[in-house]
1. Of the beta bridges DSSP finds with both residues in chain B, what % are antiparallel, to the nearest 5?
2. For the range A:72-90 and the range A:1-16, write down the distance between their C-alpha centroids in whole Å.
3. Starting from the eigenvalues of the Cα gyration tensor, five times each then square-rooted, give me the equivalent ellipsoid semi-axes of chain A, largest first, whole Å.
4. How many percent of all Cα-Cα pairs in the protein assembly as shown sit more than 20 Å apart?
5. Need the full-extension length gain, A:Ser73 to A:Lys14, defined as separation in residues times 0.36 nm minus the C-alpha distance. One decimal, nm.
6. What average count of beta carbons from other chains do you get within 10 Å of the Cβ of residues in B:37-43?
7. From the phi angles alone, apply the Karplus equation (6.51, -1.76, 1.60; θ = phi - 60°) to the range B:67-76 and give each ³J(HN,Hα) in whole Hz, x where the residue is Gly or Pro.
8. Roughly speaking, what is the stretch gain from B:Tyr51 to B:Glu5, that is 0.36 nm per residue apart minus the C-alpha to C-alpha distance, in nm to one decimal?
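Just so you know, all these numbers are worked out from the coordinates, no wet-lab data involved. Bear in mind the structure is a predicted one, so any value in this text is a computation, not a measurement. Don't worry about glycine lacking a Cβ; one is built from the backbone with ideal geometry, like all the others, and counts go over all protein chains shown.
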Amino acid sequence: DTGVSQDPRHKITKRGQNVTFRCDPISEHNRLYWYRQTLGQGPEFLTYFQNEAQLEKSRLLSDRFSAERPKGSFSTLEIQRTEQGDSAMYLCASSGLGADQPQHFGDGTRLSIL
Amino acid sequence: QKEVEQNSGPLSVPEGAIASLNCTYSDRVSQSFFWYRQYSGKSPELIMSIYSNGDKEDGRFTAQLNKASQYVSLLIRDSQPSDSATYLCAVKGITSGSARQLTFGSGTQLTVLP
């Protein structure tokens, strides 16, 4: 069990640029989640996949955000036309299929918008 | 009213003491409850899950759940300086969200003084 892996760990970009993050879940986990965390706050849910299907999207996820999980394994989160307010830690988590399966988080990608 | 509320702290306890962390949630239908520990600059790490009323013990940690009062707590016995972190309460199944997403409190910052 290698845990949830996220890449890159840090991303610094200029406002208006596009960025893409990658998440590799724990291999046997069917469910994958994206959260966003800002300083002093708990993580906020963005979206969730079961296998390759994106089943839930938060109202927080504006149309500049898109997430994919094309083969039901790794996932990508893309932010287009980044804004200052997008600066945050982007966390990926995965879990098994059971109703009470806990979510395990990766180390996150810290995004800084200049 | 926030859906998941925690005292932000900071909470300071001397080494060897019991640290008590509290969390209330707004939605009676919530069924799954989790405590995560987050060190500064790191991702949340699952330390306890609890699904039924009563106490659940794991080593130095005890989670307590009272669904009638919509209250969940975490006790850390024999606190160590290495326990100094932010503790996040997370609830699954808040009605305003999906059945799968976690809704987090803002976290309680704990400092264990040597």
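1. Within chain B, antiparallel bridges account for around 90 percent of the total.
2. Cα centres, the range A:72-90 to the range A:1-16: 9 Å.
3. 23, 14, 13
4. Value for the protein assembly as shown (Cα pairs over 20 Å): 59 percent.
5. In short, 18.3 nm is gained.
6. What the average comes to for B:37-43 is 4.
7. Listing the rounded values in order: 5, 5, 8, 6, 9, 9, 9, 10, 10, 10 Hz.
8. Additional length available on full extension: 14.7 nm.
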